[in-house]
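To start, the structure under review is shown below, and the notes come after it.
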Amino acid sequence: MSPFDELCSHARASAILESIESVLGWDERTYMPEAAGAYRAEQMTFVSGLIHRRRTDPRLGELLAQLTGSDLAKDPHSDAGTTIRQLKRDYDKRIKLPQELVEELTRASVLGQQAWVKARAADDYASFAPHVEKLFSLVRQRAEYLGYKDHPYDALLDDFEPWAKTADVAKVLAALRDELAPLVQAIMQSGRRAPVEILSRKYPKAAQESFGKAAAAAIGFDFQRGRLDVTHHPFCSGMGPNDCRITTRYDEQFFPSAFFGTLHEAGHGIYDQGLRTEQFGLPPGSFVSLGIHESQSRMWENLVGRNRAFWQFFFPQFTAAFGEASRGVSLDEFYWAINGVAPSLIRVEADEATYNLHIIIRFELEQALLTGDLPVADVPAAWKEKYRKYLGIEPPNDKDGCLQDVHWSAALIGYFPTYSLGNLYAAQFFEKANAELGGLDQQFARGEFAPLKQWLQKNIHERGQCYAAADLVKLVTGQPLSHAPLMRHLRGKLGPLYGI
Ligand code: ZN
């Protein structure tokens, strides 16, 4: 076997173990009986130990040393070049970290999440603060081992958005913040309010399920190669080249939760299903970054699913499915209801416009926590101050303030900005697709979603990791990432609705 073939079969075997871990994880979050939790944790720890051993196998290091600099690695964007570059990158990162630190971080994040659940329920930040202290000190050490040039946050961000730099992300998010905050303010001062009560009528679960599934299938999620199940915290898990699991949760008193959640996860799923199956387990068949993954979910959820043309097609089906709830509601009223903007305290319930302000607040705070500029004890006050400044509201407690997200307790520091990057990438890709495909609105109004899906597959999905996210954006749209397309989209939609 050639060294390159050996490298690929080594990586594919690790991917098999990772997909086994995904099956266990999916089952844990959907159908597993509660009592099975402890043994499932043992199973998953065992498998993840095997994965870590394989991914740091000295033989892998030898093969990569041999292949880096070889002819196969010459074209960095070819499948072979991408495979060698990305596997080397992963290997080099993993072997920099001492085993004790990896284990300590796993332990601290398990304990952190348990403490967070209790602290949140009791609205008791003080009991959670020592865990925040510990977790940030561990990820700081992690950043030191991994190395960085400008900011320790770079090393953490890189796990979620490979090759991205804090300074670049900060720049684009600051530009977004400076235009978004006044837009939200103008909306609040417009005196207009979206008729959101329409969304809180009674929407029977069975009807929501069949309507949501039909919409997911219509936009292109392939149910022959995937499933939709129910969970508490929806997610998408690609666990094989032809096996993508998406999940949702149903609230009979609130229509958007399951419907837009399903479109969101189906968007993630369409990306997974659009990857090249023959490259499964190898970098050319893997997603680029969390930000690019999120751009696909956000595109189908917001740019398509909250588009008026989409509802021109789906509104008759909606009224047929929810006769009682939709009585007396016009398409225009419904469209406004699902696009209402109002500052709120909880990130996961935020609308398309204010959502990014929630992310920017977290991004700013976690950088300050990492450098020590913000003492852990001062987080609640800093949180309130930023909410006042950017959203004009202040949480009355920490439960709906700095204790609302799981991320910090799970050592997922550097993750938040990928949500907003996803929104930015989505708007920029969508603008380009619209220009190239010539009028997506008319297609949506006819129920045609295949052209957009095929465009995304060709330009993004099938490229796997052959380009870093920032380069992919430039390659596909001809421009570097900018806040302008998202602002154009939001102004174009919200301006007429709010008369601003
Ligand atoms: Zn998502």
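The values are calculated or read from the model by the stated rules, or taken from the named source; none is laboratory data. Model, not experiment: these values are computed from the prediction. Don't worry about glycine lacking a Cβ; one is built from the backbone with ideal geometry, like all the others, and counts go over all protein chains shown. Areas reflect the complete protein model, heavy atoms only, side chains present, ligands, DNA and RNA absent. Shrake-Rupley method; radii C 1.70, N 1.55, O 1.52, S 1.80 Å.
List of remarks:
- With R₀ fixed at 56 Å, the C-beta to C-beta distance from Thr319 to Leu97 puts the FRET efficiency at about 0.50.
- Computed over segment 388-500, the P(r) curve from all C-alpha pair distances, binned at 10 Å from the origin, holds 11, 30, 31, 21, 7 percent per bin.
- Per-atom-type breakdown for the chain gives carbon and sulfur 53% of the accessible area (1.4 Å probe, protein chains only).
- Label separation (Gln454 vs Asp5): 3.6 nm, computed from points 7 Å beyond Cα along the C-beta direction.
- Segment 143-236: C-alpha gyration tensor shape, a/c 1.5 cut-off, then a/b vs b/c: oblate
- Listed by chain and number, the lysines placed with their C-alpha closer than 26 angstrom to that of Lys386 are Lys118, Lys134, Lys165, Lys171, Lys399; residues fewer than eight positions away on the same chain are left out.
- Ratio of the Cα radius of gyration of the chain to 2.2 N^0.38 Å, where N counts its residues: 0.98
- Computed [θ] at 222 nm, helices only, for the chain once each DSSP H run of length n ≥ 4 contributes -39500 (n - 2.57): -20500 deg cm²/dmol
- A crude spin-label estimate for the pair Asp378 and Asp178, with each label 7 Å from Cα along the Cβ direction, gives 2.5 nm.
- For segment 128-253, accessible area per residue (1.4 Å probe, heavy atoms of protein chains only), Å²: 48
- With Cα atoms defining each centre, segment 22-41 and segment 349-402 are spaced 33 Å apart in the structure.
- Counting only lysines at least 8 places from Lys493 when in the same chain, those with an alpha carbon closer than 20 Å to its own are Lys432.
- Rounded if a/c under 1.5, otherwise prolate or oblate - segment 3-95, Cα gyration tensor axes: prolate
- Contact order, relative form, for the chain: 21 percent (alpha carbon pairs under 8 Å, 6 or more residues apart, mean separation divided by residue count).
- FRET efficiency for the pair Glu34 and Ser344, taken as 1/(1 + (r/R0)^6) with r the Cβ-Cβ distance and R0 = 30 Å, rounds to 0.40.
- A straight Cα-to-Cα reach below 20 Å connects Lys93 with the aspartates and glutamates Glu18, Asp57, Glu62, Glu103, Glu104, Glu144, Asp150, Asp154, Asp158, Asp159, Glu161, residues fewer than 8 places away in its own chain not being considered.
- Whether segment 59-203 is rounded, prolate or oblate, judged on the alpha carbon gyration tensor where a/c under 1.5 counts as rounded: oblate
- For the pair Ala13 and Ala167 in one chain, pulling the backbone fully straight at 0.36 nm per residue adds 51.8 nm over the alpha carbon distance.
- Counting heavy atoms of the protein chains alone, Glu252 has an accessible area of about 60 Å² for a 1.4 Å probe.
- Alpha carbon convex hull of segment 201-323, projected area averaged over orientations, nm²: 7.5
- Label point of Ser330 set 7 angstrom out along Cα-Cβ; within segment 458-500, amide nitrogens under 17 Å from it belong to 496-499.
- The length gained by stretching the chain between Lys213 and Thr277 to full extension, at 0.36 nm per residue less their Cα-Cα distance, is 20.7 nm.
- Ordering of 140-153, 275-288 by packing [mean C-beta count within 10 Å, highest first]: 275-288, 140-153
- Linear extension gain, Arg225 paired with Glu133, 0.36 nm per residue minus alpha-carbon span: 28.8 nm
- Label-point separation in nm, Arg249 to Ser482, each point 7 Å along Cα→Cβ: 3.9
- Alpha-carbon centroid distance for the pair segment 95-149 / segment 162-227, whole angstrom: 30
- Cβ-Cβ FRET estimate between Asn434 and Lys118, R0 fixed at 41 Å, reported to 0.05: 0.30
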